[in-house]
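Worksheet: the structure to be examined is printed underneath.
Only the coordinates and a few stated rules stand behind these numbers; no lab work does. Nothing here was measured: the structure is a model prediction, and the numbers come from that model. Counting neighbours? That spans all protein chains shown, and the Cβs are built from the backbone with ideal geometry, glycine included.
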Amino acid sequence: MTISRRALLAAGAGVGLLTACGSNTGRGDGSGAGPKLSQWYHQYGEAGTEQAVKRYAAAYKKAEVTVQWRPGNYDQQTAAALLTESGPDVFEGGPTLDQIQGGQVVDLTDLLEGVKDDFNPAVLTPKTYDGKIWGIPQVIDMQLLYYRKSLLKDAGVEPPTTLDALVDAARKLTTKKVKGLFLGNDGGAGVLGGTPLYAAGLQLVTEDGKVGFDDPAAALALAKIYQLYADKSLLLGAPTDWSDPSAFLQGLTAMQWSGLWALPQVQKELGDDFGVLPFPKDGSGSPAVPVGAFGAAVSARSKHKEAASDFVKWLWVERADYQEDFALSYGFHIPARISLAKKADKLKTGAAAEAVRFTTDHGYAQPLLWTPASQTAYQDALSRIIKSGANPESELRTVVRKVSAELDRVKKKS
Amino acid sequence: MTAERRVRNHTLWFWIFVGPFALGLGLFTYVPLLWSVGLSFFDAHNTVTPTEFVGLDNYQAVLSDDAFTDSLRTFLVFTAFIVPATYVLSLALALMVNRVRRAQAFFRSVFFLPAACSYVVAALIWKMSIFNGVRFGLANTVLGWFGGDPIAWLSTTDPPWYWLVIVTVRLWLQAGFYMILFLAGLQRIDPGLYEAAAVDGARPGWQVLRHITLPQLRATSIAVVLLLVINAFQAFDEFYNLLSDARGYPPYARPPLVYLYYIALGQGQNLGLGSAGAVVLALIIVVVTVGQARWFGLGRREE
């Protein structure tokens, strides 16, 4: 198993898939005291991030930390590597419920002693299972709706505050050359996920571990997403996907759902000609934005679990200066520490300030119990509803059945 | 004594040549295969050394999963498109190239060249430049000349335009390779047969093709169809690269291997369920291939 896995990675490196996973930490020799640790990050798109994390690692004196920067399907890579001895000691990841239940990650509760309250509860809760903390939130990412002020004004459309208004606005903004709204090339099934449900006042999984959208309001909300598709208001088949603001910047669409990370680029190219919104409310619900955070976790197969946990504590708990630098100097994220988020000047004005407000007021994080199996079942149904006009009620009934079975499975294990 | 040593030498040399391959085959093919069969009887979430035996539960789960049966349907549809299309196109190319008297080697190479292109690269070209959904994609530009609206080729399910993209990319990639097989077959046909047909008054063209060329190509055709079906079963690269995104894969056009990839190797590492699916698929391939071989009379002595 180990050999073939290695051979595979070596082959991948050979053709340049993993070109960036070098072992050069950018530091001279001599400082290498203590155990050798390997730390994995997924590939951040923003320039400078890789150099920054390598700089942090090099500054740690109690162990020799090697950073691996991994492009490609990061979640799959870590999931596979965690099965072997040759995986990372420290990695950023969910960690997922199956990883926690399978004993693949180490309990990190002690690391947060005394500072637990300083971590934003929205992102700390999904790292908590069985009363223990399994990953230290690094930075908060969130998604929101960008709109082009000038285009909305030309079409005589107000920034939409309800889902119905969004459907109307997207239709009015659609012309032969420009589409009204971009929710990703799959029509939104992937990126929206549970957001329309939360905006309709529902949730994916309730606090006591039941299906949270077994309600007629869910079908009503999802039918409106289908309306967007049926009206041909959605941009589809763009060269870049929702996570990249290019489609919005190139004028292919008047509104786009994207991440907070896109904000600096949008601001640079459009100046004042854009605004941001949360996902608008539907019915008796309230607006919603998805928030999430990579957690720094320690592999249970690591040979130096103590040293690895110490390193995580040093970087993600003690070194607030690095956390601030990581969140704000390269891409655009909200620090996971409330004290840091309050201090950050960049987050005090304009669209960034609004994004922070959306996060506090309307943010929801995907529950830990929402496993990939549930996610797939839901996303398949959502895609069929949006693109094939499948009946939302019957599709959702199937999803509810599958998700309850999955919830039973994971609850049985605890 | 020399005879005995020669025998021993033979054995030694046999193992020197065969040993490494047998070892590799055992280690990298048979061990994982049997391991996977073993996993299929366990609850193996995120582990390859599971402890919880669940009997046939995984098989029951995979067979009752409508996504799995959908993936089999996708495979059937794909086969129904790609096998006849490749067969006809590569045969037509072979017949044409075979008739060319000048620069035959040039045309042979030109049509064979796409076979050297990787599926991933071709899929990306198809996705990004030819069939991208916005107004400046190649296909949409052509549509625009005739006043058509841009079509989101890969995201439209009604009508299912994505099949056009998936089938054409594979057709382009593999037609040249099968053309070479047909060319080899054509060159083995005795020219005397054509002369005899001409003497008997067969008109060149359809009649000769139907009664001389096709029957003489029977062995090649059988091999080509078998290979095409097995290749269609193993379809993964172009589907994955055309349709997947960071958030997963749409519920349509999901062939069996893509389905298995997402349940066993994606974020949810349900290796038990994935192994059960793989075993079911392997059995289907065995049945189909044996059935096909029987039907075509493969391996039967030529009369």
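Tell me the relative contact order for the range B:37-296 as a rounded percent, counting alpha carbon contacts under 8 Å between residues six or more apart.
Worked out over the range B:37-296, it gives 32 percent.
Quick one: if the Förster radius is 35 Å, what FRET efficiency do A:Ser284 and A:Lys177 give, using the C-beta to C-beta distance and rounding to 0.05? The computed FRET efficiency comes out at 0.40.
Counting only Cβ charges, +1 for Lys and Arg and -1 for Asp and Glu, the dipole size of chain B around its Cα centre is about 1260 debye. With the Cα gyration tensor of the range B:37-296 giving a ≥ b ≥ c as the square roots of its eigenvalues, does the rule (a/c under 1.5 for rounded; else a/b larger than b/c for prolate; else oblate) give rounded, prolate or oblate? Verdict is oblate for the range B:37-296.
Using C-alpha pairs below 8 Å separated by at least 6 residues, the relative contact order for chain A is 23 percent. For A:Gly114, neighbours were defined as the other residues whose beta-carbon sits under 12 Å from its Cβ, and their charges (Lys and Arg +1, Asp and Glu -1) total -3.
Between B:Leu63 and A:Asp214, the C-beta separation translates, for a Förster distance of 30 Å, into a calculated FRET efficiency of about 0.70.
Take the Cα of A:Ala165, step 7 Å toward its Cβ, do the same at B:Thr29, and the gap between the two points is 6.5 nm. The mean count of C-beta atoms from other chains within 10 Å of the C-beta of residues in A:380-388, rounded to a whole number, is 4.
Taking a straight line from the alpha carbon of A:Lys172, these lysines sit under 17 Å away, with near neighbours fewer than eight places off in the same chain left out: A:Lys149, A:Lys153, A:Lys224, A:Lys232.
Averaged over the residues of peptide A:181-187, the number of Cβ atoms from other protein chains lying within 10 Å of each residue's Cβ is 4. With the simple model of a label 7 Å out from the Cα in the direction of the Cβ, B:Ile284 to A:Gln267 spans 5.2 nm. Farthest towards the positive end of the charge dipole of the range B:37-296, among the residues B:Ala276, B:Gly176, B:Thr289, is the Cα of B:Gly176, using unit charges on the Cβ of Lys, Arg, Asp and Glu.
So if each residue of separation counts as 0.36 nm, and I subtract the Cα-Cα distance between A:Gln250 and A:Thr84, what length gain in nm does that give?
Extra length from A:Gln250 to A:Thr84 when fully extended: 55.3 nm.
Across the range A:268-414, Cα pairs under 8 Å and at least six residues apart give a relative contact order of 23 percent.
Grab the eigenvalues of the alpha-carbon gyration tensor for the range B:140-290, scale each by 5, take roots, and send me the semi-axes largest first in whole angstrom.
Taking √(5λ) for each eigenvalue gives 41, 25, 11 Å, largest first.
Its residue count N sets the reference 2.2 N^0.38 Å, and the alpha-carbon radius of gyration of the range A:145-233 equals 1.20 times that reference. Net charge within 14 Å of A:Val399 by Cβ-Cβ distance, Lys/Arg positive one each and Asp/Glu negative one each, not counting A:Val399 itself? Summing Lys/Arg as +1 and Asp/Glu as -1 gives -3.
Eigen-decomposition of the gyration tensor built on the alpha-carbon atoms of the protein assembly as shown gives equivalent ellipsoid semi-axes of 49, 35, 25 angstrom, largest listed first. If you sort the three axes of the alpha carbon gyration tensor as a ≥ b ≥ c, you get a/c of 1.5 or more for chain A and a/b above b/c, which makes it prolate.
Applying 0.36 nm per residue to the separation of B:Gln234 and B:Phe106 and subtracting their alpha-carbon distance, the gain on full extension is 43.0 nm.
Around the Cα centre of the protein assembly as shown, unit charges on the Cβ atoms of Lys, Arg, Asp and Glu (plus for the first two, minus for the last two) sum to a dipole of about 2120 debye. Taking Cα centre as origin and charging only the Cβ of basic (Lys, Arg, +1) and acidic (Asp, Glu, -1) residues, the dipole magnitude of chain A rounds to 560 debye. Listing B:His10, B:His45 from fewest to most neighbouring C-beta atoms within 10 Å gives B:His10, B:His45.
Note on A:Glu46 and B:Ala198: the model spin-label points, each 7 Å out from Cα along the C-beta direction, lie 7.6 nm apart. Rounded to 0.05, the FRET efficiency of the B:Met128 and B:Val18 pair, given R0 = 41 Å and the Cβ-Cβ distance, is 0.35. In chain A, the DSSP beta bridges split such that about 60 percent are antiparallel, to the nearest 5.
For the range A:251-334, trypsin sites (Lys or Arg not before Pro) meeting the loop criterion (DSSP other than H, G, I, E, B) and having at most 15 other Cβ atoms within 10 Å: A:Lys303.
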